[in-house]
1. Run down THR487, THR473, THR492 and say which single residue is on the phi < 0 side of the Ramachandran plot, surrounded by fewer than 23 Cβ atoms within 10 Å (Cβ to Cβ), hydroxyl-bearing (Ser, Thr, Tyr) and not in a loop (DSSP other than H, G, I, E, B).
2. Show the residue pairs meeting these rules: Cβ distance below 6 Å; 6+ apart or different chains; first residue within region 234-255 and among the β-branched types (Val, Ile, Thr); second residue buried (at least 22 other Cβ atoms within 10 Å of the Cβ).
3. What's the number of the condition ARG240 fails, among (1) within 22 Å of GLN53 (Cα to Cα); (2) of a type in the set (Lys, Arg); (3) in a helix (DSSP H, G or I)?
4. Going residue by residue through region 83-93, is there one that turns out to be more than 15 Å from ALA459 (Cα to Cα), away from the ligand (no atom under 16 Å from the Cβ) and crowded, with 24+ Cβ neighbours inside 10 Å?
5. In region 120-142, what residues are more than 30 Å from GLY271 (Cα to Cα) and within 16 Å of the ligand (Cβ to nearest atom)?
6. Using the structure shown, decide if ASP80 is more than 15 Å from the ligand (Cβ to nearest atom) and surrounded by fewer than 21 Cβ atoms within 10 Å (Cβ to Cβ).
7. Just checking, how many residues over region 245-301 are in a loop (DSSP other than H, G, I, E, B) and over 23 Å from ILE195 (Cβ atoms)?
8. Given the condition on the phi > 0 side of the Ramachandran plot, more than 11 Å from the ligand (Cβ to nearest atom), among the small types (Gly, Ala, Ser) and surrounded by 17 or more Cβ atoms within 10 Å (Cβ to Cβ), answer yes or no: does some residue in region 111-118 qualify?
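What follows draws every value from the coordinates through simple rules; no lab data is involved. None of the values given here were measured: they were computed from a predicted structure. We place every Cβ from the backbone using ideal geometry, glycine too, and count neighbours over all the protein chains shown.
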Amino acid sequence: MSPMSSAVATDTVAFQRRRDACLSMMAALQARREEASVGGNEKARRLHKSRGQMLPRERITALLDPGSPFLEIGQLTAADLYEGVPPGATIITGVGQVCGRACMLIVNDPTVKGGTMFGMTTKRHVRAQLFAWQHRLPCITMVQSGGAFLPDLENIFPDEGQGGSVMYNQVKMSSEGIAQIALVFGPSTAGGAYIPALCDEVVIIRNRGAMFLGSPQLVFAATGEVVDIEPLGGAEMHSRVSGVTDHLAEDDAHALQITRRIVAHLGAPPGLRWTPAAAEPPKYDPQELAGLVRIGEQPGADGREIIARMVDGSRFQEFKQLHGETLLCGFARIEGFEVGILANNGELTAQAGAKGAHFVELCCQRDIPLLFLVDSPGFADSDLPDQRGLGRHGAKLFNAVANADVPKFTLITGHAYGAACYAMCGRAFKPSALLMWPNARAAAARDAADDVAGALNWARHLWCDMVIAPAETRAVLAQLLDMAGRTPAKPTAFAVFRM
Ligand code: COA
């Protein structure tokens with residue numbers, strides 16, 4: 001197949017203006033990411049280090065295979081939502097390689113509010129678990145948490161998707177043979193104690209780690225009794241007497257070494273169910289994507305120009321090129337992995353709906369993962385004569401997308417307005433991951449306020465998993481495809497198609 005051709009001129013004022021606007025959005029994104037990476041304030045970090053402990057991101061680096069990437073999910077969760085809490089919501093979640101095996105890491109940050117859990121902390125924890133469950137990834141939970149952040153209990157305790165779901169998901173995953181491992185680094189109270197207690201294997205650190213349902217402060221407040229940490233829930237007591245923990249480590253580094261050995265004994269890592277081709281860079285530079293994206297309400301480039309800068313060799317085998325032209329469908333490879341791409345190129349029409357459903361069905365039959373590239377103002381006006389049957393054909397697309405049981409990835413490259421946000425595999429349609437570029441906007445309607453529709457707001461509420469720069473897209477998708485390819489294939493059963 002020959003490469004696509006491009007009509008883009010990179011030396012025009014329009015291209016350069018768009019690129020500058022996109023680059024400044026990426027710089028703003030980078031600043032928020034760095035804020036999230038630092039964690040608690042300097043005083044809290046110094047106090048933590050003075051106790052001889054590693055910072056949470058140092059723990060992650062020490063656990064992962066040297067040089068292997070860490071794909072963080074929900075990094076900007078709760079940005080600006082809680083006073084004194086940097087983006088991330090007191091927890092770090094993401095996937096990295098341990099002894100050659102992809103694992104989900106769920107890590108409390110004790111330098112922020114004692115690692116206590118806010119409502120959004122539990123939401124991020126649950127999202128990480130659901131991602132791990134879907135990909136059958138062992139979960140490694142690094143615990144050092146004061147439990148619930150008490151003033152936010154109503155967002156932590158009562159509902160599904162909150163603290164109770166964290167525990168439910170742990171035991172359900174364990175029952176399916178998805179390993180649950182915990183390390184207890186410091187005092188861990190209430191929820192912070194239940195979480196490791198519900199794991200398959202637990203490592204605790206001598207003279208540092210502790211697990212109790214009520215802290216010594218709580219015991220004193222309730223009974224007036226002064227108790228020390230060790231007899232109440234210390235590492236020695238749990239390792240020798242209660243048996244809640246399985247491995248007694250001397251310090252953080254030792255606990256992480258023990259954990260690597262636990263992972264090394266989980267059996268052989270799962271193999272890939274697909275055979276990727278040799279990876280090949282696109283013929284057109286992915287850096288040029290910054291000059292092609294939609295900024296604000298100005299249109300972006302033709303969808304084929306975006307695809308040409310994302311796929312191997314800029315080769316795209318288009319399906320039904322002459323029909324339903326506002327939805328591009330076709331096969332391509334990303335870092336060697338085959339994908340079926342559905343990319344908006346205008347509003348969704350009746351023809352586009354039927355074409356999309358047909359294409360999704362093809363991919364399901366062939367076990368090819370789906371990539372949705374979303375940039376659409378929504379569905380066309382169904383009163384137009386050539387849009388009769390839009391409801392029927394649009395419904396076909398909803399049915400196909402919802403039921404397709406191949407891995408699905410959604411990237412909002414521009415706009416996702418109204419029902420386009422659903423039909424193009426928005427959050428409610430359960431893509432394996434939902435990504436946004438920094439310029440992306442998504443909302444029920446085009447006139448939503450900027451700060452509601454913007455990518456940062458979506459990331460803050462965890463309505464998307466990651467905001468990534470256009471030039472990072474291939475690397476992120478390759479990691480996601482590799483993970484998805486290590487799960488068993490499933491047959492798809494569609495609902496009744498309305499013909
Ligand atoms: N709810 C709300 N805030 C809490 C909290 C809780 N359960 N536990 C700790 N915090 C806050 C502290 O007020 C402090 O806030 P600040 O940064 O605004 O000053 C911050 O977390 C750090 O706490 P601090 O005690 O100074 O730090 P530490 O590292 O010495 O100890 C803990 C951390 C978690 C071990 C200790 O604070 C503790 O035991 N807390 C009580 C835990 C508890 O009983 N939880 C029951 C939940 S149901």
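1. When all the criteria are applied, what remains is THR473.
2. These pairs meet every condition: VAL244/HIS238; THR245/VAL202; THR245/ILE204; THR245/HIS238.
3. (1)
4. No, region 83-93 contains no residue that is more than 15 Å from ALA459 (Cα to Cα), away from the ligand (no atom under 16 Å from the Cβ) and crowded, with 24+ Cβ neighbours inside 10 Å.
5. Once the filter is applied, which keeps residues that are more than 30 Å from GLY271 (Cα to Cα) and within 16 Å of the ligand (Cβ to nearest atom), region 120-142 yields MET120, THR121, THR122.
6. In short, yes.
7. Within region 245-301, residues that are in a loop (DSSP other than H, G, I, E, B) and over 23 Å from ILE195 (Cβ atoms) number 27.
8. Scanning region 111-118 turns up no residue that is on the phi > 0 side of the Ramachandran plot, more than 11 Å from the ligand (Cβ to nearest atom), among the small types (Gly, Ala, Ser) and surrounded by 17 or more Cβ atoms within 10 Å (Cβ to Cβ).
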